[in-house]
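Novice: Dropping a structure here in structure tokens format, bear with me for questions.
Nothing in this text is a laboratory measurement; each read-out follows from the coordinates by a stated rule. Because the structure is a prediction, the values reported are computed rather than measured. Quick reminder, even Gly has a Cβ in these numbers, built from the backbone with ideal geometry, and neighbours come from all protein chains shown.
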């Protein structure tokens, strides 16, 4: 058996990405994601891959899209300010259906904010940062080992659905070190479905068979010419100005994520079987929530944790399934109430949803959560 | 060892307190324990207060931050004064000899050691102060075997620096008297 080693979340992201087949990284270093670029620069040449430091984040995501179109599994990593700069090309990736993984190790914003302090303030930006209606898949890990396994899933989903996947980390997990034993789950790797002009009768690069959502992909620049554009396009890849074709295209792009939500959405539930209060959280916040739930249980309170691992699309079906048994929900996140909006939308007023958040760069502690749970209990008695 | 042993390492950016906490956490993993390590620092590359934390436990560790440390290493007066206020009852505090014992801190809980001077004069390199400290910490607290600690150091130093780091560990351990080690043993 492999020996346990102490590893940082950011390092685990690189190791997982390499295991998933990532062989191209382009980026511009920014705290607290810098170790991802450093480790990629060290590890990719060892694996026959390429690392490029770009002049900024706009060119970084552009290089990643280019490398992926040419057939590589590609990734970039940044934090809030750089994630903002990447947004236009993330939309391009969604429209042109170019798989890639974008890591955002969130720090406290807005703007350059507190560079070394944790936050989860980019949750809504991950969904709505780029303009227009577009599909988004975003995953968020809460431990070093999960960073490793989940980024492999991020690449798999990117390839399977031909879309950029946001890997939404936070400073808590990115900069934390834990002992891990990395397994080598090579049998789980999904590679893209490749298409060639020489395959059968259909020579259209965005051709999607009836009943399917995702076209196979032609590696660009390898002898078979076709067009890639952010403009609305038909199956040939060339721009069109037709409402009918544009509507059909964007509907398919949205459907490929929405109609496959059961495949994409994953959650972790802890002590939820008989829970009356669910503490909802994601990413590094879950670590304080776990301790708080364990302590609340010791005190005889029926509290559980509901943690979306897939944070976009929001796993509403999984949360809705828990509503009949619940009396209250507490949303805990390091922002001013972002996933809270998704929880409220899902709950639809069926039960009270309380909120605990922080926006000052301080980590929410188990004691903060227990105090909030007691306060909610107090409100109960008052009613 | 208690269920959750919380340690804090504080100093000025560049003194290597983060690496010290990483090495202690690595040695814990090598020894088959659970460990979580994290840090807080400002945007500066050198200077500014630097704080690192390691939690060691036989059980799974969830919350990754230290709230009431049972051990504090401080290498600057500012960090000693700041973090002496947030300690578990019976905590062991290790201070460099250049520092004054913070007001309100029971001197019997404090181990004063010449970490910075030993690195500079006996090891011959000021930048080995963090490894000297790690050697002293493990001699005082007896957390891990010497082999596990040395392996923990080895995983985090550049090739070619093994000898000087081994020397720094030994010089650090030599700073702790048997009486000091015995007093600490009763408090873990």
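Novice: Normalised by the residues of region A:91-248, what does the relative contact order come to in percent, with Cα pairs under 8 Å and at least six apart?
Specialist: Relative contact order of region A:91-248: 23 percent.
Novice: Where the centre of each part is set by its Cα atoms, how far does region A:126-150 sit from region A:277-345, in angstrom?
Specialist: Between the Cα centre of region A:126-150 and that of region A:277-345, the gap is 18 Å.
Novice: How far is helix A:80-96 tilted, in degrees, relative to the longest principal axis of the Cα atoms in chain A, given as a value from 0 to 90 rounded to the nearest 10?
Specialist: 50 degrees
Novice: Hey, how many Å between the Cα centroid of region B:75-113 and the Cα centroid of region A:54-89?
Specialist: 47 Å
Novice: For the pair residue A:295/residue A:131, report the inter-label distance in nm, with labels modelled 7 Å from Cα in the Cβ direction.
Specialist: 4.8 nm
Novice: Among B:145, A:59, which comes first, then next, by fewest other beta-carbon atoms within 10 Å?
Specialist: Fewest to most other Cβ atoms nearby, the residues stand as B:145, A:59.
Novice: Using a Gaussian network model of chain A whose springs link C-alpha atoms within less than 10 Å, name the residue from A:316, A:298, A:97 with the highest mean-square fluctuation.
Specialist: Highest fluctuation of the listed residues: A:298.
Novice: Let me ask something additional. Using the Cα atoms as the points, what is the convex hull volume per residue of region B:1-141 in Å³?
Specialist: Cα convex hull per residue, to the nearest whole number: 106 Å³.
Novice: Now a separate question. Just how many % of Cα pairs in the protein assembly as shown lie over 43 Å apart, if you round to the nearest whole percent?
Specialist: Here the tail beyond 43 Å accounts for 26 percent of pairs.
Novice: Within 10 Å of each residue's Cβ, count the other Cβ atoms and sort A:100, A:281 from fewest upward.
Specialist: A:100, A:281
Novice: Sticking with this one: For chain A, what relative contact order do you get, as a whole percent, if you take Cα pairs closer than 8 Å and at least 6 residues apart?
Specialist: 16 percent
Novice: Right, next: What list do you get for B:142, A:162 if you sort them by fewest beta carbons within 10 Å?
Specialist: B:142, A:162
Novice: Please report the spacing between the Cα centers of region A:12-28 and region B:121-188 in Å, no decimals.
Specialist: First find each Cα centre; the distance between them is then 35 Å.
Novice: So, one more: What is the ratio of the Cα radius of gyration of region A:1-264 to 2.2 N^0.38 Å, with N the residue count, to two decimals?
Specialist: Here the Cα radius of gyration is 0.99 times the empirical estimate.
Novice: Suppose a student asked you for the relative contact order of region B:5-185, using Cα pairs under 8 Å spaced at least 6 residues apart; what percent would you report?
Specialist: Relative contact order for region B:5-185 comes out at 22 percent.
Novice: Of the beta bridges DSSP finds with both residues in region B:1-126, what % are antiparallel, to the nearest 5?
Specialist: 55 percent
Novice: To continue, here is another question. How many percent of DSSP beta bridges within region A:1-264 run antiparallel, rounded to 5?
Specialist: 25 percent
Novice: Let me ask another. Can you give the angle from 0 to 90° between the axis of helix A:366-382 and the longest principal axis of chain A, with both taken from C-alpha atoms, to the nearest 10?
Specialist: 60 degrees
Novice: Here is a follow-up. Which of rounded, prolate, oblate describes region A:1-70, given a ≥ b ≥ c as roots of the alpha-carbon gyration tensor eigenvalues and a/c under 1.5 marking rounded, otherwise prolate only if a/b is larger than b/c?
Specialist: Oblate shape, in that a/c is at least 1.5 and b/c is the bigger or equal ratio.
Novice: What is the antiparallel percent of DSSP beta bridges lying wholly in the protein assembly as shown, to the nearest 5?
Specialist: Within the protein assembly as shown, antiparallel bridges account for around 40 percent of the total.
Novice: May I pose another question? Let me check I have the definition right: for region A:268-382, take the eigenvalues of the Cα gyration tensor, multiply each by 5, take square roots. What are those semi-axes in whole Å, largest first?
Specialist: Taking √(5λ) for each eigenvalue gives 18, 17, 14 Å, largest first.
Novice: Specify the angular offset, from 0 to 90 degrees and rounded to the nearest 10, of the alpha carbon long axis of helix A:9-20 from the longest principal axis of the alpha carbons in chain A.
Specialist: So the inclination is approximately 40 degrees.
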